[in-house]
Amino acid sequence: TLLSDSLAERVLRAGILLDGVEVPPLSIGRHATADLRALRAFLAGEQEFRRSRWSEAQAAFKEAFDADQTFAFALYRLALTRTWSEYSPHRPVYDDYTRLLAEREIDGLPERQQLLIRAHAQLARNQADAIATLHELTTKYPGDVEGWFLLSDAYYHLGRQRGTANDSFRIAFQRGRELDPDSPPVGLPTGV
């Protein structure tokens, strides 16, 4: 576990993260894969994810999941990157990957990953609970850039569907940008 976590951190630091930017809490060893091919593909996907290269990340996460069908966090990343690469404007979709993810047992994962997975599935099903789940995530992990971007997504999509769109999505998006200006989703316009 310590070896895989150390390897994951070195891979992310290999020219991807700016000096002073905190490495996201990966705990790869606790992501429940013992398959080296799955781990390699996952780490390659993480590099592409950090570069907002959604199609490339999607392919790597698919390879990771194909190598280990129990690798829940690879499936989460696959569902997320598929949404960002195939649907415009990156609207949450309850597709086969998200459906499979929602059926997964995620109790063994770290709390942060559980909250991300749960919120993604809720958002894809257009459930307002996604906002509460993401508030819990960003309260417990205020430095979690991905949590802030997903909260922004939830406010944007759920608010538009219910006719209650407001500036909350901009505030959450800006908080993510403040924490890490080069973090995904860097492909989105800064004026969002």
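Once the C-beta distance of Asp107 and Thr139 is scaled by a Förster radius of 30 Å, the resulting FRET efficiency is 0.90 to the nearest 0.05.
Quick one: length gained pulling Asn126 to Asp182 fully straight, 0.36 nm per residue minus the C-alpha distance?
17.4 nm
As a rough guide to protection, the peptides 143-156, 53-66 ranked by mean Cβ packing within 10 Å, highest first, stand as 143-156, 53-66. If you find the alpha carbon centre of the range 94-147 and of the range 34-84, how far apart are they in angstrom? Taking the Cα centre of the range 34-84 as reference, the centre of the range 94-147 is 17 Å away.
If I model the range 33-108 as equal point scatterers sitting on the Cα atoms and use the Debye formula, what is log10 I(q)/I(0) at q = 0.17 Å⁻¹? Per q value, in the given order, log10 I(q)/I(0) is -0.57.
Only the coordinates and a few stated rules stand behind these numbers; no lab work does. Here the structure is a predicted model, which means the values were calculated and not measured. Cβ: placed from backbone, ideal geometry, glycine included. Neighbour counts: every protein chain shown.
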